[in-house]
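Structure first, commentary second.
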Amino acid sequence: MGGDGRRDTEARLAEAAGLAEAIGVVVAEKLAFRVRAPKPGTLFGSGQVQAIADAAEQAGAELIIVDAAVTPIQQKNLESATKAKVIDRTGLILEIFGERAATAEGRLQVELAHLDYQAGRLVRSWTHLERQRGGFGFLGGPGETQIEADRRLIRDRMAKLRKELDQVTRTRSLHRARRQKAPWPVIALVGYTNAGKSTLFNRLAGADVMAENLLFATLDPTMREIAMPGIDKAILSDTVGFISDLPTQLVAAFRATLEEVISADLIIHVRDISHPDTEAQRLDVEQVLAEIGAGGEGGAPLIEAWNKIDALGADEAERVEAEAARKDDVVILSALTGQGVDDLVHCAAEKLREGSHVHTITLPYSAGEAIAWLHANSEVIEQRSEGLETQLEVRISDAAWARFRSHHGALL
């Protein structure tokens with residue numbers, strides 16, 4: 001199907017194919033249709049359904065992926081007409097998440113989302129069985145009994161999963177509370193899936209997080225310490241990639257994962273500036289951030305990292321650089337080659353230092369440890385020695401100043 005009005009049809013088709021390839025599906029054919037009036041029974045018009053069936057038969061396709069939401073009855077009718085298995089966009093994304101979830105938390109979240117998705121389809125697709133009632137109309141017949149049993153099993157399993165996820169959330173909150181006591185600032189990398197977040201994360205943190213040219217290569221949040229000029233260190237968090245039309249079940253189920261974004265001190269929005277739909281992807285990410293209560297007014301400051309500048313031609317790169325120069329809080333870079341990454345680090349450090357205050361500190365000349373601490377944890381504007389004393393003028397955050405006083409207050 002064609003995308004929404006602001007999206008390039010070819011790019012939307014390529015994204016759908018990328019989602020399929022992310023779980024090893026070989027894409028034999030891609031078709032785009034404009035559906036002016038969705039048909040209740042098949043979604044597509046009869047001519048479009050025939051075209052899909054002919055293409056599937058010619059390619060020998062066993063699976064048809066519809067890049068839209070498909071109701072159970074539409075799915076059944078399309079399968080009958082095309083003689084192939086049919087899944088919709090939500091089902092495909094759930095399959096990817098199910099395969100990629102690496103941690104216990106990730107698996108819990110995926111299972112919860114999948115059950116939530118199945119529960120609604122179960123009830124709607126089996127309503128014809130509700131007519132199989134007992135003789136007096138108040139005893140459930142075999143069909144209704146099966147529906148109720150399945151619904152109860154799903155409901156019970158979902159309740160159990162929610163309890164386990166609540167425990168995960170509490171544990172994560174304790175870890176977050178410990179970090180805040182440290183206190184080191186948290187920087188969250190967010191962005192559309194495959195924008196290059198994990199590649200940038202590896203570049204900044206010297207880590208080895210899975211970073212491939214795949215949609216949803218990263219599902220579970222990863223955190224590392226990184227050095228920041230004038231701040232000592234920060235905690236860098238790589239989060240799950242966002243996508244347009246993200247299933248509502250996943251938005252709710254992955255809220256615990258995205259809590260790292262809500263509590264971040266700085267958000268870096270990584271954008272694939274070489275993608276034809278980069279502007280539409282930006283809007284999708286901002287919409288998800290708004291849904292989870294991150295970003296916007298009152299939220300953490302945000303920097304846009306325009307990634308993959310190396311994938312642009314010279315003329316296009318020049319145009320993008322000129323556009324970025326007119327904007328505040330935009331850094332152009334290539335996470336793959338390292339171009340502009342240092343600029344991003346300095347921009348992030350500057351953002352984190354906002355709200356800092358300048359202090360003039362006089363210390364004994366022998367207080368080498370305290371002086372070294374200030375150099376590592378603050379921006380030393382000026383340092384001069386007078387006799388047996390060293391005077392420093394430093395710009396330091398309130399949190400770091402409190403730490404300095406608690407460790408070296410006796411010297412002041």
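Subtracting the Cα-Cα distance of residue 148 and residue 283 from 0.36 nm times their residue separation leaves 44.5 nm of extension gain. Here the gap between residue 80 and residue 30, fully extended at 0.36 nm per residue and compared with their Cα-Cα distance, gives a gain of 16.0 nm. Annotation: residue 284 carries an accessible surface of approximately 10 Å², with a 1.4 Å probe and no ligand, DNA or RNA atoms counted. Model label sites at residue 8 and residue 326, defined 7 Å from Cα along the beta-carbon direction, differ in position by 2.0 nm. With respect to the cross-link table entries 30/308; 39/76; 197/233; 30/197; 30/76, which display a Cα-Cα separation exceeding 18 Å? Pairs exceeding 18 Å: 30/308; 197/233; 30/197; 30/76.
Computed from backbone phi, the HN-Hα couplings of segment 8-24 come to 6, 4, 5, 5, 5, 4, 5, 5, 4, 5, x, 4, 5, 5, 5, 10, x Hz, rounded to whole numbers (Karplus: 6.51 cos²θ - 1.76 cosθ + 1.60, θ = phi - 60°; Gly and Pro given as x).
Here the label points at residue 388 and residue 369, each 7 Å from Cα along the C-beta direction, are separated by 2.0 nm in the simple model. Taking label points 7 Å from Cα along the Cα-to-Cβ direction, residue 166 and residue 227 give a separation of 4.5 nm. Amide H to amide H, with H built 1.01 Å from N, residue 303 comes under 5 Å of 267, 268, 269, counting only residues 5 or more places away or on other chains. If the cut-off is a Cα-Cα distance under 18 Å, which aspartates and glutamates reach residue 163, setting aside same-chain residues fewer than 8 apart in sequence? Within reach: 105, 111, 116, 259.
The values are calculated or read from the model by the stated rules, or taken from the named source; none is laboratory data. As the structure is a prediction and not an experimental result, all values here were calculated from the model. All Cβ positions, glycine included, derive from the backbone under ideal geometry; neighbour counts span all protein chains shown. Heavy atoms of the whole protein, side chains included, go into the accessibility calculation; ligands, DNA and RNA do not. Shrake-Rupley method; radii C 1.70, N 1.55, O 1.52, S 1.80 Å.
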